[in-house]
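Engineer: Mind looking over this structure? Questions follow.
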Amino acid sequence: MTSDDGGRPPRGPVTLADVAREAGVSIATASFVLSGRGGLRSAGSAETKAKVRAAAEQLGYVPNRHAQAMRTGRGGGIVLALGTLEDPWGVQLATRVRDRALAHELSTLVLADERWYEYLLGASADAALVTSIDFVPGGPEQMRRLAGSTQTGLVAFSAQMEPEGFDVVSSSPLPAIARAYARLRSRHERVHLLAPEVDRPGGVLGHQRTRAFLEAARAHGDDAEALVHVVPEGSHDTYRAALDWLADPERPEAVVCFTGYQAVALQLAAERAGLSVPDDLEFVAIGDIPAGSEFFGPISVYGVEDVFSRLAGILVDRAVDRTDRSGTTHVFDWRFFPGTTTADDA
C-alpha cells in the first residue's frame, strides 16, 4: 500500500518519541510535560516545556490517556460528583475548577448522577470531589473503599467523616437552616420550606435539610410537616410550580429555599406574579448563588465565603500533589449574606 506523496507508505500515529525528537529532549521529559505533570521541576525549564508543547502541536500529537493512566495512575482530569446539573452552585464550581485546572493541563469532568462510587472505582482521575456522601446509603463506607482502591486524590464534602487518606471539607448547612427559619419566623406566622422531590430512601422528608427545617419549626411550636412544600426537581419545573403556589389564595409570605436554584426560580416566579419582594414575599436560599444567576437583585443566602475558589484550590492541590497524605480537614463555616429578598436587609 502506498500514499500519494512519492510512494512512501502512509505514516502511522505520531508517537511520544516523535515529539521528543522534534523538541530535542528525552522521551521522559516529553512524557512529564505532556502527561499533566508539567508543573514538576523534573519536567525541565519553562523554555523546555514550551518546546515540547510546540512540537506536539506541530506534529499533531494526541496523548493516549488510557496508556498514561495505566503507566502513571493519572488520567489528566478532576471529577466533580455533583449529582445534578440544575443547581447554579455546581455550575459555578465547575467553572472555577476548570479555570484553575487548565493551568496544570487538567480537564474538568462532571458526574450528574449519584453513581460516583462505581465511576471512580474504575476511573484514573487525578482528583475528585464527592458532595453527596452524607446523603446516600453507605456513602462513608464507599468513600473509605475508594481511598483504599484508587490513586485518585479524593476530597469528601461531609459533615460526618474524618480524613482517612483523603481530604474532608467539613461544612454543614443544618445550623444555617435553623437560623434562616428563626430569621423569617420573627416577622411571619408561617415560614415554608420549598423543597424538591428527592429520589432517595425516605424522600425529601428523610433528607437532612428537611429534618433540620422540621426541627426548627417544631422548636417554635409550629405544625412542621404542613410547612413543607414539595415541587418537582429542576429549575423550570420549580418555576412553574412556584407560579401556581404564588397564585393560591393561601400563598406563602416567607420561604426557606432548599437550594440556590430553587431560590432563583422563586425570584423569577414572584416577578412574573407581580409580587413585591420582600414586602409581599420574603425568602432565603440555603447555599451560595452565583451573581449571574440572580435576575432581579441579589438573593439573601446562607452560605460559605469564597466557597468556589476555596474548593477549586483544594482540588487542584490534590490533583497536582500526588504524594501519600493522611488527609486534611478543611472547615467551611456558614454565615448569612444579606440580599434584596429579606425585609431587614433589603
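Engineer: Taking the condition free of Cβ contacts under 8 Å to residues at least 12 places away in the same chain, among the small types (Gly, Ala, Ser) and surrounded by 15 or more Cβ atoms within 10 Å (Cβ to Cβ), does Ala224 pass? Break it down stepwise before answering.
Structural biologist: On the way: free of Cβ contacts under 8 Å to residues at least 12 places away in the same chain: yes; among the small types (Gly, Ala, Ser): yes; surrounded by 15 or more Cβ atoms within 10 Å (Cβ to Cβ): yes.
Taking the combined requirement at face value, the residue satisfies it.
Engineer: Any chance you could count how many residues in region 236-265 are aliphatic (A, V, I, L, M) and within 22 Å of the chain's Cα centre (by Cα)? Spell out the reasoning first.
Structural biologist: First, the residues of region 236-265 that are aliphatic (A, V, I, L, M): 241-243, 246-247, 254-256, 263-265.
With within 22 Å of the chain's Cα centre (by Cα) added as a condition, the list becomes 256, 263-265.
Matching residues across region 236-265 total 4.
Engineer: Just checking: which of the strands (runs of 3 or more DSSP E) contained wholly in region 292-338 hold 3 or more residues that are over 19 Å from Ser170 (Cβ atoms) and under 17 Å from the mean Cα position of the chain (by Cα)? Can you show your working first?
Structural biologist: Details: elements: 301-304, 329-331, 334-337.
Answer list for region 292-338: none.
Engineer: Something else now. Would you please name the residue that is nearest to Arg251 (Cα to Cα), looking only at residues in region 172-188 that are out of contact with any helix residue (DSSP H, G or I) (no Cβ under 9 Å at 6 or more places or on another chain) and either part of a helix (DSSP H, G or I) or of a type in the set (Gly, Ala, Ser) (or both)? Explain how you work it out, then say what you get.
Structural biologist: Of region 172-188, the ones out of contact with any helix residue (DSSP H, G or I) (no Cβ under 9 Å at 6 or more places or on another chain) are 183-184, 186-188.
Subset that is either part of a helix (DSSP H, G or I) or of a type in the set (Gly, Ala, Ser) (or both): 183-184, 186.
Values: Arg183: 19, Leu184: 16, Ser186: 19 Å.
Only one residue fits best here, namely Leu184.
Engineer: Suppose we filter Glu233, Glu162 for residues that are under 30 Å from Glu118 (Cβ atoms), of a type in the set (Asp, Glu) and surrounded by 15 or more Cβ atoms within 10 Å (Cβ to Cβ); which single one remains? Walk me through how you get there before you give the answer.
Structural biologist: Working: Glu162 fails: surrounded by 15 or more Cβ atoms within 10 Å (Cβ to Cβ).
Unique residue meeting the criteria: Glu233.
Engineer: On the basis of being of a type in the set (S, T, N, Q), open to solvent by less than 20 Å² (accessible area, probe 1.4 Å) and under 30 Å from Ala127 (Cβ atoms), does Gln267 make the cut? Break it down stepwise before answering.
Structural biologist: Numbers: of a type in the set (S, T, N, Q): yes; open to solvent by less than 20 Å² (accessible area, probe 1.4 Å): yes; under 30 Å from Ala127 (Cβ atoms): no.
No; evaluated as a whole, the condition is false for this residue.
Engineer: Let me ask something additional. For region 317-346, which residues satisfy the criterion of being touching a strand residue (DSSP E or B) at 6+ places or on another chain (Cβ under 7 Å) and of a type in the set (A, V, I, L, M)?
Structural biologist: Hits for region 317-346 are Ala319, Val331, Ala343.
Engineer: Filtering region 43-72 down to residues that are modelled with pLDDT under 50 and under 17 Å from Val320 (Cα atoms), which residue is most open to solvent (accessible area, probe 1.4 Å)? Don't jump to the end; show me each part of the working.
Structural biologist: Here is the first cut: in region 43-72, the residues modelled with pLDDT under 50 are 66, 69-72.
Checking which are under 17 Å from Val320 (Cα atoms) leaves us with 69, 71-72.
Details: Ala69: 17, Arg71: 139, Thr72: 36 Å².
Restricting to residues being modelled with pLDDT under 50 and under 17 Å from Val320 (Cα atoms), the top hit is Arg71.
Engineer: Do we find that Val277 is more than 18 Å from the chain's Cα centre (by Cα), among the β-branched types (Val, Ile, Thr) and at pLDDT 95 or above in this structure? Reasoning before the result, please.
Structural biologist: On the way: more than 18 Å from the chain's Cα centre (by Cα): yes; among the β-branched types (Val, Ile, Thr): yes; at pLDDT 95 or above: yes.
Yes.
Engineer: Testing Val169 on (1) touching a residue at least 40 places away in the same chain (Cβ under 8 Å); (2) open to solvent by less than 40 Å² (accessible area, probe 1.4 Å); (3) part of a loop (DSSP other than H, G, I, E, B); (4) farther than 28 Å from Ala241 by Cβ, one condition comes back false. Which one is that?
Structural biologist: (3)
Engineer: Just checking, which of Asp222, Asp244, Asp237 is more than 25 Å from Gly303 (Cα to Cα), out of contact with any helix residue (DSSP H, G or I) (no Cβ under 6 Å at 6 or more places or on another chain) and outside any loop (DSSP other than H, G, I, E, B)?
Structural biologist: The match here is Asp244.
Engineer: Same structure, new question: Taking region 189-205, which residues are in a helix (DSSP H, G or I) and open to solvent by 30 Å² or more (accessible area, probe 1.4 Å)? Don't jump to the end; show me each part of the working.
Structural biologist: Here is the first cut: in region 189-205, the ones in a helix (DSSP H, G or I) are 204-205.
Hit for region 189-205 is Leu205, nothing else.
Engineer: Write out, first by first residue and then by second, each pair whose Cβ atoms fall under 6 Å of each other, whose residues are 6+ apart or on separate chains, and whose first residue, in region 262-276, is in contact (Cβ under 8 Å) with a residue 40 or more places away in the chain while the second is assigned to a helix (DSSP H, G or I).
Structural biologist: Gln262/Thr238; Val264/Ser293; Leu266/Ala242
Engineer: OK, next. Within region 107-125, which residues are part of a helix (DSSP H, G or I), in contact (Cβ under 8 Å) with a residue 24 or more places away in the chain and open to solvent by 30 Å² or more (accessible area, probe 1.4 Å)? Step through it out loud before you land on a result.
Structural biologist: The first filter runs over region 107-125 and keeps only residues part of a helix (DSSP H, G or I), leaving 116-122.
The next check asks that each one be in contact (Cβ under 8 Å) with a residue 24 or more places away in the chain; those that pass are 116-117, 119-121.
Listed by number, the residues that qualify are Tyr117, Tyr119, Leu121.
Engineer: In region 126-158, how many residues are open to solvent by 10 Å² or more (accessible area, probe 1.4 Å) and either over 25 Å from Gly206 (Cα atoms) or part of a helix (DSSP H, G or I) (or both)?
Structural biologist: Residues of region 126-158 that are open to solvent by 10 Å² or more (accessible area, probe 1.4 Å), as a first pass: 131, 134-138, 140-142, 144-145, 147-152, 157.
Subsequent filtering for residues that are either over 25 Å from Gly206 (Cα atoms) or part of a helix (DSSP H, G or I) (or both) retains 134-135, 140-142, 144-145, 147-152.
Matching residues across region 126-158 total 13.
Engineer: Quick check: is even one residue across region 168-185 more than 24 Å from Ser300 (Cα to Cα) and in contact with an Asp or Glu (Cβ under 8 Å, 6 or more places away or on another chain)?
Structural biologist: Narrowing region 168-185 to residues more than 24 Å from Ser300 (Cα to Cα): 168.
Still in the running and in contact with an Asp or Glu (Cβ under 8 Å, 6 or more places away or on another chain): 168.
Looking through region 168-185, at least one residue is more than 24 Å from Ser300 (Cα to Cα) and in contact with an Asp or Glu (Cβ under 8 Å, 6 or more places away or on another chain).
The values are calculated or read from the model by the stated rules, or taken from the named source; none is laboratory data. Small disclaimer: the values here were computed from a predicted structure and weren't measured. All Cβ positions, glycine included, derive from the backbone under ideal geometry; neighbour counts span all protein chains shown. Ligands, DNA and RNA are excluded from the accessible area calculation, which covers all protein heavy atoms including side chains. Shrake-Rupley method; radii C 1.70, N 1.55, O 1.52, S 1.80 Å.
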